[in-house]
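The values are calculated or read from the model by the stated rules, or taken from the named source; none is laboratory data. Every value quoted in this text rests on a predicted model; they were computed, and no experiment measured them. Cβ sites come from the backbone with ideal geometry, for glycine too, and all protein chains shown count toward neighbours.
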Amino acid sequence: MPVTRLALVRHGQSTWNAVGRWQGQADPPLSPLGEEQAAEAAARLVDAGVTRVVTSDLVRARRTGQIVADALGLGPVDTCPDLGEYDVGEWSGLTKPEIEDRWPGQQKEWFGGRLPTTPGGEGRASFDRRVMDAVLRIGAGSAPGSVVVVVTHGGVIRSLERAVGAPPVPIANLSGRWFDVDEGRALRAGEPLTLVGPDHRTASPSA
């Protein structure tokens with residue numbers, strides 16, 4: 001059965017990633033390093049047969065996707081708001097130490113999947129539904145056999161891994177995982193994907 005291949009990758013480093021601030025739905029731009037990461041990722045995708053680039057509507061993802069699309073001669077990117085990161089509520093703009101000071105122990109509970117929502121933030125269940133629906137729509141709207149680069153966020157990729165029972169992979173900037181969508185709209189996890197070399201690799205953990 002023909003499948004659509006989706007390369008789901010996290011955006012390039014943002015200015016808030018660079019200083020360790022949680023973002024969620026906040027909208028800081030790419031850092032200079034993030035711009036370089038996106039250009040390197042594009043060079044690594046030249047022979048991948050990419051036919052389309054889709055991004056979340058947050059600027060760090062849109063700019064990453066546009067750099068990739070321009071380099072591959074694919075024109076404007078398609079944006080999908082439902083590919084946006086978790087709304088982390090009151091944690092947005094804060095560093096890990098600041099969050100720990102105000103909400104002791106809650107980050108550990110969040111990362112362990114035992115906290116259903118951050119203070120004032122989006123619930124996991126609703127987030128998971130919108131992310132899965134968005135990815136299946138992208139698959140359904142792409143020609144079977146096509147290759148689509150989807151520039152999104154770490155939380156989105158983690159949600160999809162959980163949904164299909166795939167072991168989590170490290171998600172630094174411009175890394176992620178391949179997924180396949182078949183004509184029956186079933187999602188399957190593929191191999192991990194890293195689009196930047198060690199000189200440009202960052203592991204900023206902020207959402």
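Quick rundown of the values:
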{"quantity": "Given (1) surrounded by 17 or more Cβ atoms within 10 Å (Cβ to Cβ); (2) assigned to a helix (DSSP H, G or I); (3) of a type in the set (A, V, I, L, M), number of the condition residue 150 does not satisfy", "calculated": "(2)"}
{"quantity": "Filter result for residue 98 (under 20 Å from the mean Cα position of the chain (by Cα), more than 19 Å from residue 64 (Cβ to Cβ) and either touching a residue at least 12 places away in the same chain (Cβ under 8 Å) or in a helix (DSSP H, G or I) (or both))", "calculated": "no"}
{"quantity": "Subset of region 179-197 [of a type in the set (A, V, I, L, M) and surrounded by 15 or more Cβ atoms within 10 Å (Cβ to Cβ)]", "calculated": "181, 187, 189, 193, 195, 196"}
{"quantity": "Within region 46-89, considering residues that are in a helix (DSSP H, G or I) and out of contact with any strand residue (DSSP E or B) (no Cβ under 7 Å at 6 or more places or on another chain), the one nearest to residue 36 (Cα to Cα)", "calculated": "67"}
{"quantity": "Residue count for region 103-123, restricted to those that are out of contact with any Lys or Arg (no Cβ under 8 Å at 6 or more places or on another chain), surrounded by 12 or more Cβ atoms within 10 Å (Cβ to Cβ) and free of Cβ contacts under 8 Å to residues at least 12 places away in the same chain", "calculated": "4"}
{"quantity": "Region 158-199, residues that are assigned to a helix (DSSP H, G or I) and either under 15 Å from residue 11 (Cα atoms) or of a type in the set (Ser, Thr, Tyr) (or both)", "calculated": "158, 159"}
{"quantity": "Selection status of residue 143, in a helix (DSSP H, G or I), more than 28 Å from residue 30 (Cβ to Cβ) and of a type outside the set (Val, Ile, Thr)", "calculated": "no"}
{"quantity": "Top-ranked residue of region 51-66 - restricted to ones that are in contact with a helix residue (DSSP H, G or I) (Cβ under 8 Å, 6 or more places away or on another chain) and farther than 11 Å from residue 11 by Cα, ranked as surrounded by the fewest Cβ atoms within 10 Å (Cβ to Cβ)", "calculated": "57"}
{"quantity": "Members of region 1-47 found to be among the basic types (Lys, Arg) and under 27 Å from residue 188 (Cα atoms), listed by number", "calculated": "5, 10, 44"}
{"quantity": "Members of region 127-163 found to be farther than 24 Å from residue 64 by Cβ and within 17 Å of the chain's Cα centre (by Cα), listed by number", "calculated": "129"}
{"quantity": "Residue 159 being modelled with pLDDT under 95, closer than 30 Å to residue 46 by Cβ and of a type in the set (Ser, Thr, Tyr)", "calculated": "no"}
{"quantity": "Among the residues listed as 162, 158, 130, the single one being touching a residue at least 24 places away in the same chain (Cβ under 8 Å), surrounded by 12 or more Cβ atoms within 10 Å (Cβ to Cβ) and over 15 Å from residue 82 (Cβ atoms)", "calculated": "162"}
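Conditions (1) part of a helix (DSSP H, G or I); (2) surrounded by 21 or more Cβ atoms within 10 Å (Cβ to Cβ), marked per residue:
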{"position": "7", "(1), (2)": "no, yes"}
{"position": "16", "(1), (2)": "yes, yes"}
{"position": "39", "(1), (2)": "yes, no"}
{"position": "43", "(1), (2)": "yes, no"}
